[in-house]
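Below you'll find the structure, written out as structure tokens, and then a few comments.
The values are calculated or read from the model by the stated rules, or taken from the named source; none is laboratory data. Model, not experiment: these values are computed from the prediction. Reconstructed Cβ throughout: ideal geometry from the backbone, glycine too, with neighbour counts over all protein chains shown. Areas reflect the complete protein model, heavy atoms only, side chains present, ligands, DNA and RNA absent. Shrake-Rupley method; radii C 1.70, N 1.55, O 1.52, S 1.80 Å.
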Number of protein chains: 2
Amino acid sequence: MKYYDVSMLISKEMQVYKNKEDKKPIFSIASDFNTGSSHETKVEINLHTGTHMDFPLHMIKDGQTSNTLNLDRLIRSVKVFDMTHIKDGIDEKDLNSLDIKENDFILFKTINSFEDTFNYKFIYLKESAARLLAHKGIAGVGIDALGIERDQKGHPTHHILFEHDIYIIEGLRLKEVPEDTYFMYALPIKMPDSDALLLSVILVA
Amino acid sequence: MKYYDVSMLISKEMQVYKNKEDKKPIFSIASDFNTGSSHETKVEINLHTGTHMDFPLHMIKDGQTSNTLNLDRLIRSVKVFDMTHIKDGIDEKDLNSLDIKENDFILFKTINSFEDTFNYKFIYLKESAARLLAHKGIAGVGIDALGIERDQKGHPTHHILFEHDIYIIEGLRLKEVPEDTYFMYALPIKMPDSDALLLSVILVA
């Protein structure tokens, strides 16, 4: 079985959104062989770190949380589209030639996947593209940026996707993945009441 | 596709080893709509919480860490054995009737899976059973307790398994899973240099 591991490594040197210090995971030693009979590591981590999925509460006051998670929607076929030609953001017109149908889960591979440091001008999904995807009735969308949008006042891309019950995965690493259809296993570390969940994701060829 | 989600929910009310306060995950709000334009949750978590895998550093000074992780060893067929008749620990003799072969990955379903609070007398893998499994040359073993052993001075079960390069998964939830062979996707949140990694695990029937 051939599969691609498309999750990010969580480390203290990893890229975090806007390079903010308080978004970096903090590792500490909970016990070691000086203080006990075992070695245990702790991490303090924002749930929007690395590869993760967003829930509506992330952008909508009193919005839905991880309590609404339906794992069936993360274990399914997905279409990876190569968008490495895009220089700024993915616009409505960039989607015209793509085979996107109702209930598809689509992943956008962009030049973000080739960068390991945070780029303030990362490729994102523009409002017009989100509207088109919502109109088509897709089930989910993933991108290889830490955010699915940037520099859009009011976060319309998130809002449009959430309002149409479209799952959002951020922080994928798709460098090695050719454009194709795969079977995705996007498994979350389940936590209640949350605006995001950490994911570990593989794509089976 | 029928699958079983066999991972534990990570919450502030969840069971933790020996009910220790400092083993409980701590959730906090990194930002909300009073302080910013998005809602973000943080968690501080010991990596031996819930469903996770251990690395040798957990019990062996300067032992191997998560840097040695081979994901292929966590995506593979597994055998679930129903051990719900066991009252204390799994002993060598309890394994005699089981079909365990070289390179198997085996998961023990015990009465632990039916308890949501920490039981100081949880069912564990006794040293003699670990020796037999090491002798058989298995590739991995999982259990539905937060520890694979208890009350054994020097942690011999961990040591024997680590010395034989046997992967250890702890904190599974197997209540709904009948004894059978499954295909396991045990996907970790990858972190470097660690004595453990959080896992999200499904078993495909």
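Projected onto their three principal axes, the Cα atoms of chain A cover extents of 61, 42, 33 Å, largest first. Debye-formula intensities of the protein assembly as shown, expressed as log10 I(q)/I(0) at q = 0.13 Å⁻¹, are -1.08 (one equal scatterer per alpha-carbon, no solvent). Split the accessible area of segment A:50-176 by element, probe 1.4 Å, and carbon with sulfur accounts for 47%.
Comment: the Cα-to-Cβ extended label point of B:P178, at 7 Å, lies 4.1 nm from its counterparts in the other copies, nearest first.
Per the accessible-area calculation with a 1.4 Å probe, the total area buried between chain B and chain A rounds to 4400 Å². DSSP finds beta bridges in the protein assembly as shown, and of those with both partners inside it, around 70 percent are antiparallel.
Once the other residues with Cβ under 9 Å from the Cβ of A:F27 are scored (Lys, Arg +1; Asp, Glu -1), what is the net sum?
Details: positive: A:K12, A:K42; negative: A:E44, B:D193.
Taking every other residue near A:F27 into account, the sum is 0.
Taking Cβ atoms as reference points and 11 Å as the exclusive limit, the residues near A:T51 contribute a net charge of -1, counting Lys and Arg as +1 and Asp and Glu as -1.
In the structure shown, the pairs A:K12/A:K175; A:K20/B:K190; A:K61/A:K93; B:K2/B:K24; B:K18/B:K101 are assessed against 30 Å; a Cα-Cα span above that value is assigned to A:K61/A:K93; B:K2/B:K24; B:K18/B:K101.
Entry comment: accessible area of chain B is 42 Å² per residue, from protein heavy atoms only and a probe of 1.4 Å.
Extension gain for B:K87 to B:K101 (0.36 nm times residue separation, less C-alpha to C-alpha distance): 2.6 nm.
The calculated 222 nm mean residue ellipticity attributable to helices in chain B amounts to -2500 deg cm²/dmol, summing -39500 (n - 2.57) over DSSP H runs of n ≥ 4 and dividing by all residues.
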